[in-house]
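The values are calculated or read from the model by the stated rules, or taken from the named source; none is laboratory data. Not measured: the values here are computed from a predicted model. All Cβ positions, even for glycine, are placed from backbone atoms using ideal geometry, and neighbour counts span all protein chains on display. Surface accessibility is based on the protein's heavy atoms, side chains included, excluding ligands, DNA and RNA. Shrake-Rupley method; radii C 1.70, N 1.55, O 1.52, S 1.80 Å.
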Amino acid sequence: MKSAKSKQRLNDGLRTPARSKQNLFQGEKDPVQVYCRLRPMPRETDVSCIKILSPTTILLSPPATAVSYRNEGAKTMKYTFKEVFPPETTQQEVFDKVALPLVEGLVKGKNGLLFAYGVTGSGKTFTMTGEPHNCGILPRCLNILFKTINELQAHKYVFKPDKMNMFDVQNEAEAMLERQQELHKFKSNRKNNSNPNLAMSESEVTKVEGVIEDNQYAVFVTYIEVYNNSVFDLLEDTPPISKNLPVKLIREDAANKMYVHGVTEIEIKSAEEAFDAFYLGLKRKRMAHTTLNAESSRSHSVFTIRLVQAPVDEMGEAVIQNKEFLTISQLSLVDLAGSERTNRTKNTGQRLREAGNINKSLMTLRSCLEVLRDNQINGTKNMVPYRESKITHLFKNYFEGHGQVRMVVCANPRAEDYDETIQVMRFAEMASEVEVTKAQINNPVSSLGLMSGRRKANRLFTAARDNINRPEAKDLEMDLGLVYSLGPDFPSLELKSPQASHIIKELIAHLEMRISRRETLKRSKALKDEKLRSMLLDMEKESMDVKSENVSLRGQLASANRRIKALEERITTTENASLSYQRKLTEMTEYTSALKRDLQEKELLLSQNKLDKEKQKKILERKYHHKIAAEHEKAKEINSENQHLQTEIEEKENRLRIIAQALNGGKGDNDIKKSETAAQTVRDFTPGSTPRALPAHLLTPFSSVPQTRESRGTPATSRRGVAVANPRHKRSLSADGKVWVEHAPSNIVPMGTVMKPNIANSKFVNKLTNVKDIVNSKKSKYCLVTQQQDTDGELETTVHKGDIVPTCGGGAQVIFNDVEMLKQFSPTRDHNSSRRTSNTCARHSGKRRDTGCSPPQTPSNTNAKTQEGGSSHEMRISSNMPYLYSFA
């Protein structure tokens with residue numbers, strides 16, 4: 001590319017630059033081909049600073065607002081490219097001129113590198129990827145490649161990456177095993193990321209030339225990005241999709257070629273699978289919003305297509321199991337991040353750091369190309385700074401003669417982007433002056449001496465073998481010329497000087513080899529013809545023998561047919577008889593089933609009658625037992641009423657005796673004796689041994705203080721000294737060594753009676769807060785004390801007693817079997833009131849006896865005061881059916 005400067009005041013005259021290419025090394029080298037593509041103007045009102053002079057030349061004019069205009073003046077620059085694409089150029093035209101030769105070289109075994117370079121928002125991504133229904137270079141490369149090698153692809157996993165930039169060749173059994181493992185392996189929920197609109201129609205896709213039909217092909221793709229001078233694998237299998245990917249290293253393989261170590265290489269069999277992989281990586285690529293572009297790439301992305309091809313064996317079926325005969329070529333499509341100026345983007349923080357790394361890597365690429373150009377022009381051997389940037393370090397082999405290098409410079413013709421555009425043009429000018437050594441294609445298959453067309457010949461032979469038994473096999477046409485080949489094709493030889501005698505010698509040797517092979521084929525043909533004649537004679541003899549055998553077999557067949565007809569008639573008769581027997585058997589089976597059903601119904605009726613009789617018997621027994629129990633209850637009630645009446649009579653007699661003594665004012669000898677006898681009886685009385693009913697003279701209350709002369713006229717305040725007890729509920733059980741749980745409120749009013757003594761072996765609790773107080777193997781008795789007022793306002797204490805019985809689930813239950821009721825009242829209260837109280841108590845006690853024991857209530861906190869004039873105690877005991885409380 002040439003450049004020139006001119007001034008507007010000199011009618012745009014062009015000035016030729018001082019640089020020339022006379023010192024360039026003359027040899028088999030290809031220059032870096034640089035193309036320019038102009039983006040359409042975003043708005044019609046925008047001013048353009050680029051003018052197309054010819055299909056290969058543009059003119060760049062600085063606007064008055066540009067920095068270059070103030071520094072250098074109104075100077076115009078002319079730049080020459082391989083070709084300039086105007087804004088109306090289609091994607092197909094760009095692909096045919098730029099990328100199609102690279103795809104042809106890829107199929108032939110050449111490496112290729114394509115850069116898309118330009119400022120932010122100049123159309124690089126559109127050129128490389130495109131959009132739905134208008135795909136770019138990358139989708140078109142994939143579509144044409146698979147259209148070309150579709151029928152020549154090897155089975156999956158025949159070629160396997162060895163993680164060191166090479167491939168291993170596996171046999172069909174090993175490849176099939178890996179395919180089965182892939183089918184049974186758990187697949188991630190990866191959705192189809194491809195865009196079907198990028199796939200071109202069959203009419204638009206054409207095949208490229210140079211495909212060797214005797215080879216098998218496999219396509220592998222990789223997708224990486226260089227972000228902040230670090231390499232990341234965009235196809236690494238790390239679900240869910242995340243941008244936090246590990247950093248990869250760039251290494252050198254055994255052939256001194258640079259590659260990304262540990263990169264994911266996916267084997268694909270169609271363009272759709274390639275699009276799926278591409279869009280998966282595109283989701284992970286770093287994109288951000290800037291002032292100049294809504295979706296700006298913050299990294300350099302590299303999509304690499306690697307084509308592996310290997311020859312088939314002499315039979316034309318399996319791939320030769322030797323890595324030395326592999327041909328590996330790759331095409332790298334690089335979408336460079338756009339260069340940008342901070343004073344325009346106003347980036348800060350992370351965006352500013354990204355922009356700095358992008359500009360630094362682009363400057364390193366420019367420096368490498370400048371050193372290469374200087375070395376070529378001046379013949380020096382200065383070290384090229386490839387390692388200063390990952391993008392240049394990765395592609396150093398291309399600039400050293402291992403492939404073709406092409407570049408598409410995308411430019412935005414707006415006048416506002418002039419300062420950035422002129423830097424891009426200068427870089428493109430310098431890149432076009434760099435020449436790369438022309439890559440040589442080595443065909444390792446030529447050393448094997450295999451015949452061309454063997455794969456097609458094997459297909460024809462397989463088809464003929466499959467159709468040999470069909471009637472149309474005699475009309476099958478075979479192209480024997482493909483089978484009888486004279487050897488490999490002529491080598492590509494060029495005579496460039498009269499001294500190249502070795503080339504003529506190679507050509508003579510090749511022709512002699514073809515002549516010897518021709519003679520060998522003639523001899524082989526003669527032998528095969530003779531063999532064919534002998535085979536035809538043998539076949540004719542065999543045909544005559546077969547005809548004679550056919551005649552005898554036809555007679556045997558006729559006799560066999562007659563025997564078969566006779567057997568068929570006998571079979572028909574037997575089948576009819578069998579059907580009649582089958583019908584009879586069915587009828588008998590149904591009749592037997594009906595009889596069984598009747599028998600079962602009668603047995604059910606008998607068993608039901610038996611159960612009804614047993615139930616009736618149990619009901620009558622239950623009624624009898626209930627009647628007996630009711631009679632016993634009535635007898636108990638009558639006895640209890642008699643005892644209660646007797647007790648009331650004794651109380652009345654005691655009161656009358658007291659009144660008579662008070663009226664007489666003294667005691668007789670008999671009274672003194674009775675008093676001494678009563679006192680002696682009281683002294684001998686112990687709790688728990690009280691008889692069922694004490695005599696009336698033992699129930700005489702005693703005075704709590706000595707009587708004086710002044711107090712003889714009034715009855716003294718007294719309290720009952722002995723309480724009535726029921727011998728069935730005696731308290732002596734508390735002294736039998738059993739452990740009691742005594743549950744009572746802390747502020748209970750003491751009754752002062754022998755019927756409520758202290759229990760020695762007991763645990764006193766105010767509130768059951770812990771289940772372990774009851775669920776304990778040592779606890780066997782339970783006592784609950786409650787206090788409340790009756791209808792007359794007197795204090796009444798109730799003692800509920802029961803046994804603690806362990807349960808099967810590890811808990812315990814309390815079975816209440818005894819209730820003691822203690823009541824305290826003053827003996828000096830009104831007689832009628834006392835009688836009403838007694839009657840009420842009697843009725844209440846009788847009601848308790850009728851209804852049984854009520855469940856224990858929560859201990860009441862009500863306090864009751866004792867009258868000063870003395871007190872009297874009353875106790876009622878009700879014991880019926882026990883009730884049960886469970887504790888878990």
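In the stretch 767-819, which residues are β-branched (Val, Ile, Thr), part of a loop (DSSP other than H, G, I, E, B) and surrounded by fewer than 21 Cβ atoms within 10 Å (Cβ to Cβ)? Show your work before the answer.
Residues of the stretch 767-819 that are β-branched (Val, Ile, Thr), as a first pass: 769, 771, 774-775, 785-786, 791, 797-799, 804-805, 807, 814-815, 819.
Right, trim to part of a loop (DSSP other than H, G, I, E, B) and you get 769, 774-775, 791, 807.
Correct list: Thr769, Val775, Thr791, Thr807.
Give the number of residues within the stretch 160-179 that are in a strand (DSSP E or B) and free of Cβ contacts under 8 Å to residues at least 40 places away in the same chain. Lay out the reasoning, then the answer.
Pass one, the stretch 160-179, residues in a strand (DSSP E or B): 160-161, 167-169.
Next cut, free of Cβ contacts under 8 Å to residues at least 40 places away in the same chain only: 160.
Count: 1.
Which one of Glu549, Glu621 is part of a helix (DSSP H, G or I), open to solvent by 100 Å² or more (accessible area, probe 1.4 Å) and modelled with pLDDT of 90 or more?
Numbers: Glu621 fails: open to solvent by 100 Å² or more (accessible area, probe 1.4 Å).
Going through Glu549, Glu621 in turn, the sole match is Glu549.
Yes or no: the stretch 114-124 includes at least one residue that is farther than 16 Å from Leu331 by Cβ, among the small types (Gly, Ala, Ser), modelled with pLDDT under 90 and open to solvent by 10 Å² or more (accessible area, probe 1.4 Å). Show your work before the answer.
Initial filter on the stretch 114-124 (farther than 16 Å from Leu331 by Cβ): 117-124.
From what's left, among the small types (Gly, Ala, Ser): 118, 121-123.
Within this subset, residues satisfying the condition of being modelled with pLDDT under 90 are 118, 121-123.
Filter once more, keeping what is open to solvent by 10 Å² or more (accessible area, probe 1.4 Å): 121, 123.
Yes, the stretch 114-124 contains a residue that is farther than 16 Å from Leu331 by Cβ, among the small types (Gly, Ala, Ser), modelled with pLDDT under 90 and open to solvent by 10 Å² or more (accessible area, probe 1.4 Å).
List pairs: first in the stretch 642-659 and part of a helix (DSSP H, G or I), second open to solvent by 90 Å² or more (accessible area, probe 1.4 Å), Cβ under 8 Å, 6+ apart or cross-chain?
Within 8 Å, the pairs are Gln643/Arg692; Ile658/Pro715.
In the set Tyr157, Tyr79, which member is open to solvent by 20 Å² or more (accessible area, probe 1.4 Å) and either among the aromatic types (Phe, Trp, Tyr) or assigned to a strand (DSSP E or B) (or both)?
Numbers: Tyr79 fails: open to solvent by 20 Å² or more (accessible area, probe 1.4 Å).
The unique qualifying residue is Tyr157.
So which residues in the stretch 378-391 are farther than 16 Å from Leu331 by Cα and either open to solvent by 30 Å² or more (accessible area, probe 1.4 Å) or out of contact with any Lys or Arg (no Cβ under 9 Å at 6 or more places or on another chain) (or both), if there are any at all? Give the derivation first.
Within the stretch 378-391, the subset farther than 16 Å from Leu331 by Cα is 378-390.
Of everything in the stretch 378-391, those that are farther than 16 Å from Leu331 by Cα and either open to solvent by 30 Å² or more (accessible area, probe 1.4 Å) or out of contact with any Lys or Arg (no Cβ under 9 Å at 6 or more places or on another chain) (or both) turn out to be Asn378, Gly379, Thr380, Lys381, Asn382, Met383, Pro385, Arg387, Glu388, Lys390.
What number goes with the only condition from (1) modelled with pLDDT under 90; (2) under 30 Å from Gly379 (Cβ atoms); (3) assigned to a strand (DSSP E or B) that Tyr35 does not pass?
For Tyr35, the exception is condition (1).
Would you call Arg251 at pLDDT 85 or above, open to solvent by 80 Å² or more (accessible area, probe 1.4 Å) and either outside any loop (DSSP other than H, G, I, E, B) or more than 19 Å from Phe303 (Cα to Cα) (or both)?
Numbers: at pLDDT 85 or above: yes; open to solvent by 80 Å² or more (accessible area, probe 1.4 Å): yes; either outside any loop (DSSP other than H, G, I, E, B) or more than 19 Å from Phe303 (Cα to Cα) (or both): yes.
Answer is yes for this residue.
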